[in-house]
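Since the structure comes first, as structure tokens, the remarks are kept for the end.
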Amino acid sequence: MDNLVIAGKTYSSRLLVGTGKYKDFNETRAAVEASGAEIITVAIRRTNIGQNANEPNLLDALPPSKYTLLPNTAGCYTVDDAVRTLRLARELLDGHSLVKLEVLGDPRTLYPNVVETLKAAEILIKEDFQVMVYTSDDPIMAKQLEEMGCVAVMPLASLIGSGMGILNPWNLQIIIDNAKIPVLVDAGVGTASDATIAMELGCDGVLMNTAIAAAQNPVLMASAMRKAVEAGREAYLAGRMAKKLYSASPSSPTEGIIAQAAKKPANGNS
Amino acid sequence: MIQLTINGQPRQFEAPINVTQLIDHLALHGKRIAIECNGEIVPRSRFSEQMLAHGDQLEVVVAVGGG
């Protein structure tokens with residue numbers, strides 16, 4: 001079996017999905033099921049104090065017994081906020097230590113602040129968190145995060161929620177070639193072909209949220225993404241043919257083609 | 001009278017309370033939550049022994065949809 005292994009745990013799906021931006025928890029659950037994802041990201045936020053105490057809970061719709069929940073630090077711009085958020089997440093999820101770290105640097109682009117990300121990762125790893133880390137597509141930073149002890153490195157394909165697809169496949173390729181831990185494209189996938197391209201490059205997996213949640217039909221798009229990731233993975237494993245620039249090669253035999261018919265005279269006289 | 005800041009909102013209480021009493025007061029009993037007091041995690045196992053003091057800053061969080 002061709003499985004994804006993260007921090008010693010085996011997963012059969014290479015598609016990881018977020019749970020944000022859905023209409024309601026029913027849609028979230030239907031999309032997650034259609035995606036086949038086993039690892040799903042969640043955010044940690046203040047609960048409403050004293051109002052609507054009976055509002056539905058995400059963890060009732062997507063129980064931790066069924067999915068590997070990956071709490072994130074979305075919205076955190078400092079080391080301290082990110083680390084505190086994940087400590088709360090670990091307490092919330094009964095000691096679960098697999099987390100997604102992101103430390104943002106700019107509210108307009110949501111671009112990661114890699115300097116702060118490195119500092120936060122160091123603290124979290126010392127506290128025995130298993131850190132899957134969102135980062136830029138800088139191969140040197142990705143390698144440093146790996147050497148520090150992160151369990152997966154997750155470079156952006158393009159900006160979070162942009163749907164712009166894979167803008168720098170060459171950098172992703174360098175990161176993949178250098179890495180001994182799983183590399184997952186996180187952020188920027190817009191449609192199924194983007195996910196396939198990521199997997200064809202040799203990514204170990206793809207993490208996405210908006211591409212599914214913001215589709216006109218999220219559940220159908222979730223199903224498309226599942227197939228796209230599987231197709232890209234199989235194509236990567238199969239090994240694509242070499243590209244032949246400006247030179248064709250017929251697919252059918254060149255021998256045995258029937259001869260051109262002799263022309264009959266026009267009036268039948270011979 | 002003590003004042004606590006809970007998720008950024010000031011709240012007054014007649015007498016000192018522990019975390020379990022606070023959770024009941026907020027109607028969050030039985031909910032999947034995690035609590036931080038003055039920047040430190042309060043483990044669930046210590047909810048009933050941890051007393052809250054005037055000026056304490058609390059964060060009470062849940063898991064929500066996110067990417």
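Among B:Val42, B:Val64, which is closer than 21 Å to A:Lys100 by Cα and either surrounded by 15 or more Cβ atoms within 10 Å (Cβ to Cβ) or touching a strand residue (DSSP E or B) at 6+ places or on another chain (Cβ under 9 Å) (or both)? Let's see the steps before the verdict.
Numbers: B:Val42 fails: closer than 21 Å to A:Lys100 by Cα.
Going through B:Val42, B:Val64 in turn, the sole match is B:Val64.
Which residue is surrounded by the most Cβ atoms within 10 Å (Cβ to Cβ), if the candidates are limited to segment B:17-29 and must be out of contact with any helix residue (DSSP H, G or I) (no Cβ under 8 Å at 6 or more places or on another chain) and at the interface with chain A (Cβ under 10 Å from one of its Cβ atoms)?
First, the residues of segment B:17-29 that are out of contact with any helix residue (DSSP H, G or I) (no Cβ under 8 Å at 6 or more places or on another chain): B:18, B:20-28.
After this cut, where a residue has to be at the interface with chain A (Cβ under 10 Å from one of its Cβ atoms) as well, the list is B:25-28.
On the way: B:His25: 15, B:Leu26: 21, B:Ala27: 14, B:Leu28: 19.
Step by step, filter segment B:17-29, then rank; the result is B:Leu26.
Of the numbered conditions (1) more than 11 Å from chain B (Cβ to nearest Cβ); (2) in contact with a Ser or Thr (Cβ under 9 Å, 6 or more places away or on another chain), A:Ser65 satisfies every one except a single condition; which is it?
That leaves (2) as the condition not met.
What number of residues within segment A:101-129 are surrounded by fewer than 18 Cβ atoms within 10 Å (Cβ to Cβ), β-branched (Val, Ile, Thr) and closer than 14 Å to A:Leu156 by Cβ?
1
Filtering segment B:31-54 down to residues that are part of a loop (DSSP other than H, G, I, E, B) and at the interface with chain A (Cβ under 10 Å from one of its Cβ atoms), which residue is nearest to the chain's Cα centre (by Cα)? Before you say what the answer is, go through the steps one by one.
Going through segment B:31-54, the residues part of a loop (DSSP other than H, G, I, E, B) turn out to be B:31-33, B:38-39, B:43, B:47-50, B:52-54.
Filter once more, keeping what is at the interface with chain A (Cβ under 10 Å from one of its Cβ atoms): B:31-33, B:39, B:43.
Details: B:Lys31: 13, B:Arg32: 13, B:Ile33: 10, B:Gly39: 12, B:Pro43: 11 Å.
My answer is B:Ile33.
Considering only segment A:3-28, how many residues are surrounded by 20 or more Cβ atoms within 10 Å (Cβ to Cβ) and of a type in the set (D, E, K, R)?
1
Take the conditions touching a residue at least 12 places away in the same chain (Cβ under 8 Å) and either surrounded by fewer than 16 Cβ atoms within 10 Å (Cβ to Cβ) or facing chain B (nearest Cβ under 9 Å) (or both) and apply them to A:Pro56. Does it pass?
Values: touching a residue at least 12 places away in the same chain (Cβ under 8 Å): yes; either surrounded by fewer than 16 Cβ atoms within 10 Å (Cβ to Cβ) or facing chain B (nearest Cβ under 9 Å) (or both): yes.
Against the criterion (touching a residue at least 12 places away in the same chain (Cβ under 8 Å) and either surrounded by fewer than 16 Cβ atoms within 10 Å (Cβ to Cβ) or facing chain B (nearest Cβ under 9 Å) (or both)), A:Pro56 qualifies.
Would you tally the residues in segment A:68-81 being closer than 24 Å to A:Glu27 by Cα and either buried (at least 21 other Cβ atoms within 10 Å of the Cβ) or more than 11 Å from chain B (Cβ to nearest Cβ) (or both)?
Going through segment A:68-81, the residues closer than 24 Å to A:Glu27 by Cα turn out to be A:68-75.
In the following step, the residues that additionally are either buried (at least 21 other Cβ atoms within 10 Å of the Cβ) or more than 11 Å from chain B (Cβ to nearest Cβ) (or both) were identified as A:68-74.
Here the count works out to 7.
Might you let me know whether segment A:151-171 holds any residue that is modelled with pLDDT under 95, hydroxyl-bearing (Ser, Thr, Tyr) and surrounded by fewer than 24 Cβ atoms within 10 Å (Cβ to Cβ)?
Yes, some residue in segment A:151-171 is modelled with pLDDT under 95, hydroxyl-bearing (Ser, Thr, Tyr) and surrounded by fewer than 24 Cβ atoms within 10 Å (Cβ to Cβ).
Just to be sure I understand, how many residues within segment A:82-109 are more than 8 Å from chain B (Cβ to nearest Cβ) and part of a loop (DSSP other than H, G, I, E, B)?
11
Of the conditions (1) facing chain B (nearest Cβ under 7 Å); (2) farther than 30 Å from A:Val115 by Cα; (3) of a type outside the set (D, E, K, R), A:Asn3 clears all except one; give me its number.
Failing condition for A:Asn3: (1).
Which of the residues spanning segment A:220-270 are exposed (fewer than 10 other Cβ atoms within 10 Å of the Cβ), out of contact with any helix residue (DSSP H, G or I) (no Cβ under 8 Å at 6 or more places or on another chain), charged (D, E, K, R) and within 26 Å of A:Ser193 (Cβ to Cβ)?
Kept after step one, since they are exposed (fewer than 10 other Cβ atoms within 10 Å of the Cβ), are these residues of segment A:220-270: A:238-270.
Now drop any that are not out of contact with any helix residue (DSSP H, G or I) (no Cβ under 8 Å at 6 or more places or on another chain), which leaves A:238-239, A:241-270.
Retained after the next criterion (residues that are charged (D, E, K, R)): A:243-244, A:255, A:263-264.
The answer is A:Lys243, A:Lys244.
Could you tell me which residue of segment A:88-100 is surrounded by the most Cβ atoms within 10 Å (Cβ to Cβ), considering only residues that are at pLDDT 95 or above and closer than 20 Å to A:Ala152 by Cβ?
It comes out as A:Lys100.
Is it the case that B:Glu14 is of a type in the set (D, E, K, R) and more than 8 Å from chain A (Cβ to nearest Cβ)?
yes
Would you kindly identify the helices (runs of 4 or more DSSP H) lying entirely within segment A:172-270 that contain at least 2 residues that are in contact (Cβ under 8 Å) with a residue 40 or more places away in the chain and closer than 23 Å to A:Thr10 by Cα?
The qualifying helices (runs of 4 or more DSSP H) are A:192-201, A:218-238.
The values are calculated or read from the model by the stated rules, or taken from the named source; none is laboratory data. From a predicted model like this one, the values you see are computed outputs, not experimental measurements. Heads up, the Cβs are rebuilt from the backbone with ideal geometry, glycines too, and the neighbour counts pull from every protein chain shown.
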